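To start, the structure itself, in structure tokens.
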């Protein structure tokens, strides 16, 4: 089966850096997605990691360690609009993604 | 291009009634997925269509749920009869290919189903 863990809630200050961790135990691992979901809206794609290492995309970066079953999403220069739920999802060779519960990030002034 | 469209956005029905949710994927997207989020828990997989065929329906909770995708375009998810525990947000997502690593799924905004 699949097991994905991420913190339920995090709070950070505008302009700061925050790291959201995700650990997973799964079989048939293909890669790992991060999605952002604002309240009442659809989840939107942020990043995908398949190889170990850091993928940087503007203010957002995502890291993967396949051997450790670990990923993180790094958000820099936080803005108020970054307040949202961040979903870690593992894509397996079964052809579907399995999601964690999501981390609700609150950015305060 | 138009995004993934779900209808209705909200539905409140009584226990025992029937509800049909609809999803219009992005045109040309062969892969269509249904997920649901119940009581603030994780978004759980329900099933996966490739064109009109059910590729994987291992997440369907029981036989009260019936999904169809006639003609390989839009999909419907029918719940009959609805139970209280079916309340939640039902998301539809689509992708052009099974390998969607470059762009992930495109999700609809979801249908919030409340069974009372």
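The values are calculated or read from the model by the stated rules, or taken from the named source; none is laboratory data. In this text the structure is predicted, and so the values were computed from the model without any measurement. Don't worry about glycine lacking a Cβ; one is built from the backbone with ideal geometry, like all the others, and counts go over all protein chains shown.
In the stretch A:5-109, which strands (runs of 3 or more DSSP E) lie fully inside it and hold 1 or more residues that are buried (at least 18 other Cβ atoms within 10 Å of the Cβ) and either touching a strand residue (DSSP E or B) at 6+ places or on another chain (Cβ under 6 Å) or more than 14 Å from chain B (Cβ to nearest Cβ) (or both)?
Correct list: A:9-13, A:18-25, A:29-37, A:44-49, A:60-65, A:70-75, A:84-92, A:97-99, A:103-108.
Going through B:28, B:59 one at a time, which residue ends up being farther than 20 Å from residue A:44 by Cβ and part of a loop (DSSP other than H, G, I, E, B)?
After applying the criteria, what remains is B:59.
So residue B:15 passes all but one of these: (1) modelled with pLDDT under 95; (2) part of a loop (DSSP other than H, G, I, E, B). Which condition number does it fail?
Of the numbered conditions (1) modelled with pLDDT under 95; (2) part of a loop (DSSP other than H, G, I, E, B), the odd one out for residue B:15 is (1).
For residue B:22, only one of the following conditions fails: (1) within 14 Å of chain A (Cβ to nearest Cβ); (2) over 27 Å from residue A:3 (Cβ atoms); (3) surrounded by 14 or more Cβ atoms within 10 Å (Cβ to Cβ). What is its number?
Of the numbered conditions (1) within 14 Å of chain A (Cβ to nearest Cβ); (2) over 27 Å from residue A:3 (Cβ atoms); (3) surrounded by 14 or more Cβ atoms within 10 Å (Cβ to Cβ), the odd one out for residue B:22 is (1).
Of everything in the stretch B:56-71, what is surrounded by fewer than 18 Cβ atoms within 10 Å (Cβ to Cβ) and closer than 21 Å to residue A:97 by Cβ? Give them in sequence order.
Of everything in the stretch B:56-71, those that are surrounded by fewer than 18 Cβ atoms within 10 Å (Cβ to Cβ) and closer than 21 Å to residue A:97 by Cβ turn out to be B:56, B:57, B:58, B:59, B:60, B:61.
Has the stretch B:87-94 got at least one residue that is more than 10 Å from every other protein chain (Cβ to nearest Cβ) and part of a loop (DSSP other than H, G, I, E, B)?
Within the stretch B:87-94, one or more residues are more than 10 Å from every other protein chain (Cβ to nearest Cβ) and part of a loop (DSSP other than H, G, I, E, B).
Within the stretch B:47-70, which residues are closer than 17 Å to residue B:110 by Cα and within 10 Å of chain A (Cβ to nearest Cβ)?
Passing the criteria: B:47, B:48.
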